[in-house]
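The values are calculated or read from the model by the stated rules, or taken from the named source; none is laboratory data. Note that this is a predicted model, so its numbers are computed, not measured. With ideal geometry, Cβ positions are generated from the backbone for all residues, glycine too; neighbour counts draw on all protein chains shown. Ligands, DNA and RNA are excluded from the accessible area calculation, which covers all protein heavy atoms including side chains. Shrake-Rupley method; radii C 1.70, N 1.55, O 1.52, S 1.80 Å.
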There are 2 protein chains.
Amino acid sequence: MAVTIRDVARASGVHVSTVSRTFSAPHLVNAETRTRVLAVAEGLGYRPNRAARALTTGRTHNLGLIVADIANPFFPPLIKAAQAQARERDYHVFVADTDEDPLLEQELIETLCKQVDGVLLCSPRLSNRVIERLRAQVPFVVVNRRLKGLTTVLMDVGQGAGVAVEHVAGLGHRRMALLTGPAGSWTSGEIRQAATDRTAELGVELTVIGPNEPTEHGGLAAAQAVAASGVTAVLCYNDLVALGLIEGLRERGVDVPGDVSVIGVDDSLPGRLSRPKLTTITMPTAAAGRMAVDLLLATIAGPAAGAPPRTTVRLETGLLIRESTQRVSSS
Amino acid sequence: MAVTIRDVARASGVHVSTVSRTFSAPHLVNAETRTRVLAVAEGLGYRPNRAARALTTGRTHNLGLIVADIANPFFPPLIKAAQAQARERDYHVFVADTDEDPLLEQELIETLCKQVDGVLLCSPRLSNRVIERLRAQVPFVVVNRRLKGLTTVLMDVGQGAGVAVEHVAGLGHRRMALLTGPAGSWTSGEIRQAATDRTAELGVELTVIGPNEPTEHGGLAAAQAVAASGVTAVLCYNDLVALGLIEGLRERGVDVPGDVSVIGVDDSLPGRLSRPKLTTITMPTAAAGRMAVDLLLATIAGPAAGAPPRTTVRLETGLLIRESTQRVSSS
DNA sequence: CTCAGGACTGCAACCAGTTGCATGAAACAC
DNA sequence: GTGTTTCATGCAACTGGTTGCAGTCCTGAG
């Protein structure tokens, strides 16, 4: 039913291989023949079948993009950028959501890998050991997870967290809390490390509360502990947790930023539109998405193409000061 | 390099066709042989190649999901649900973002259609004529667009909009504005129709402002016009527009809900986390995603499978009253 | 005039599966 | 004991492209 290369061949009076070459190796066919074949193909509405092509070439021109939770506002900008960049390079992308479940993540990778040339793992919850085993099956690029021997794109959230601590200390706060994220999260570990180091240097007392669910519910649930801890500033795993926390504090009569300053991470849409506008650590999600796709394609092309086989790209983060942080009240 | 059906056949001493059948038609092979083949396959780490299978069966077991803008918080829950439902049915899904560009949308459908068994079009910006032409190439299910002869899933936003108008009227408002969305949007048209009808019935004066960009910028940009119009209530195309509007009004010293009541559409994350919490029309996005996938699969299976060839499913919406609407001030 | 080389194009095998048909053996009925 | 099913499996063609090899024709050098 669909028009194939053979239909085009018949209609233009050449062999199928010539038609094939007009599309995949145009320089090998006579200019005149080429234009004729192209005209016929156009007329018939021929579109090459990528699956069939993949069978011989071993290149599907598809990528897999695996994220923990599509609904988490951190991911959509990354997905959008990755997908746009891929299309630019003539690749399509499968998007899969693991629901924060490592087993599902693994299963997904295994079923997907036959259909894709490479997989982008964003903030994986999988253990390093499993990733190590899976990388034999398909090229990987990992976002926000450190893995030696693998190409990774990291958002240097530790740097931003350090700046955030400085900001808070500069406002006179002496006791702060950190709401951590899920146990397997590299980002959470980085934030924690940086916060621990920087608070120690600056003589700020740090209370670590967590792990917390990476959503507004996590923040809401932690409000009690935060209120009880007596801190005047809180750094949260992400914007959602921060917004949930602010909500929870408000319910307890604690004002943000009047009584407690709150900082999020991601610079996501809800934080931009909330009230008070959230002071947050900006994450270069779109850049990371684009970069990850390009690195993945380079990895696929192979070391022959001059691509360094393994790279670690660190992208800068920053602190965006808005309304949820304030000089400590002199009470 | 990858282990194929022939490797399994060789290792288990049967013909490739027997191996093929153990996977795609197990009842045709002897139980004993089957278990042996399965054991060998497991041992070798064999995974069927879906692309190769697709070549003969014509079924790729892939779906395409096309949305206008992944970063718009309306879509992620829908994508998440659709993708989860598809996986449940052993389908993978390509997600593509059209950047609200009809041409890109068309191009995307055309390149994707050879690789998928069906396409889910969410809030398409494409003209009906083009969709009509493309449907010959690949089965469609359309979300939030009315198209005769095509299976569609509609969120009955008109109903919700009617209830919203009643709510506002019940609070004593006599002059309200409607901020419409993009020109091609079916949803926007539905809201407008319902708002026009219901305000007329209830003796409320309606000012229509638009089209507006479907983001917070659209709302921000419309704030001037709203402030100048003298209305005391505004129904917005979506939550983002509503939040942008609230922000813009605040900049002009207009309080929400004190001076003006604002209602959004979508019940998206930012609206839940904003301040005041947004009164909004709830959209059954997750249900729509799941339903659309099931209808698409039914369409693919063909009328032979007992599926009605064309269906229109209308899902109910509702009004979620939170903090951004208030009884009109008696000034 | 001959021969080498290059530019095009056709031929046919191949990719990893699926499937209609044929074959063979066992089970069953008569 | 023969004929008929039934079950399990093998054979080979087929899906839609790609690609190494070979053949043809043409051009230019010697």
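Among what's in region A:44-68 and is more than 13 Å from DNA strand C (Cβ to nearest atom) and open to solvent by 70 Å² or more (accessible area, probe 1.4 Å), pick the residue that is nearest to residue A:183 (Cα to Cα).
A:47
With the structure loaded, tell me whether residue B:261 is under 19 Å from residue B:328 (Cβ atoms), open to solvent by 20 Å² or more (accessible area, probe 1.4 Å) and hydroxyl-bearing (Ser, Thr, Tyr) or whether it fails that test.
So residue B:261 fails the test.
Name the single residue that is farthest from residue B:172 (Cα to Cα) among those in region B:310-331 being more than 26 Å from the chain's Cα centre (by Cα) and open to solvent by less than 70 Å² (accessible area, probe 1.4 Å).
Applying the filter and picking the extreme gives B:325.
Working carefully through the options B:32, B:42, find the one that is more than 20 Å from residue A:56 (Cα to Cα), more than 9 Å from DNA strand D (Cβ to nearest atom) and either within 14 Å of another protein chain (Cβ to nearest Cβ) or among the charged types (D, E, K, R) (or both).
After ruling out the rest, the residue left standing is B:42.
State the number of residues belonging to region B:90-118 that are among the charged types (D, E, K, R), open to solvent by 20 Å² or more (accessible area, probe 1.4 Å), in a helix (DSSP H, G or I) and more than 8 Å from chain A (Cβ to nearest Cβ).
1
Give me the strands (runs of 3 or more DSSP E) completely within region B:196-286, filtered to those with at least 1 residues that are small (Gly, Ala, Ser) and at pLDDT 95 or above, ordered by residue number.
Result: B:233-236, B:261-266.
Given the options A:112, A:103, name the one that is free of Cβ contacts under 8 Å to residues at least 60 places away in the same chain and closer than 25 Å to residue A:50 by Cα.
Selected residue: A:112, the only one of A:112, A:103 that is free of Cβ contacts under 8 Å to residues at least 60 places away in the same chain and closer than 25 Å to residue A:50 by Cα.
Among the residues of region B:74-89, are any more than 10 Å from DNA strand C (Cβ to nearest atom), open to solvent by less than 50 Å² (accessible area, probe 1.4 Å) and not assigned by TED's automatic domain parsing to the domain that holds residue B:141?
No, every residue in region B:74-89 fails to be more than 10 Å from DNA strand C (Cβ to nearest atom), open to solvent by less than 50 Å² (accessible area, probe 1.4 Å) and not assigned by TED's automatic domain parsing to the domain that holds residue B:141.
Does residue B:280 satisfy the criteria of being in contact with a His (Cβ under 6 Å, 6 or more places away or on another chain), open to solvent by less than 40 Å² (accessible area, probe 1.4 Å) and of a type in the set (Ser, Thr, Tyr)?
no
Inside region A:8-29, can you point out the residues that are away from DNA strand C (no atom under 12 Å from the Cβ) and either open to solvent by less than 40 Å² (accessible area, probe 1.4 Å) or within 14 Å of chain B (Cβ to nearest Cβ) (or both)?
Passing the criteria: only A:23.
Would you point out the residue of region B:1-29, among those that are outside any helix (DSSP H, G or I) and over 24 Å from residue A:136 (Cβ atoms), that is farthest from DNA strand D (Cβ to nearest atom)?
B:25
For region B:48-68, check the following and say yes or no: at least one residue is more than 16 Å from DNA strand D (Cβ to nearest atom), within 30 Å of the chain's Cα centre (by Cα) and assigned to a loop (DSSP other than H, G, I, E, B).
Yes, region B:48-68 contains at least one residue that is more than 16 Å from DNA strand D (Cβ to nearest atom), within 30 Å of the chain's Cα centre (by Cα) and assigned to a loop (DSSP other than H, G, I, E, B).
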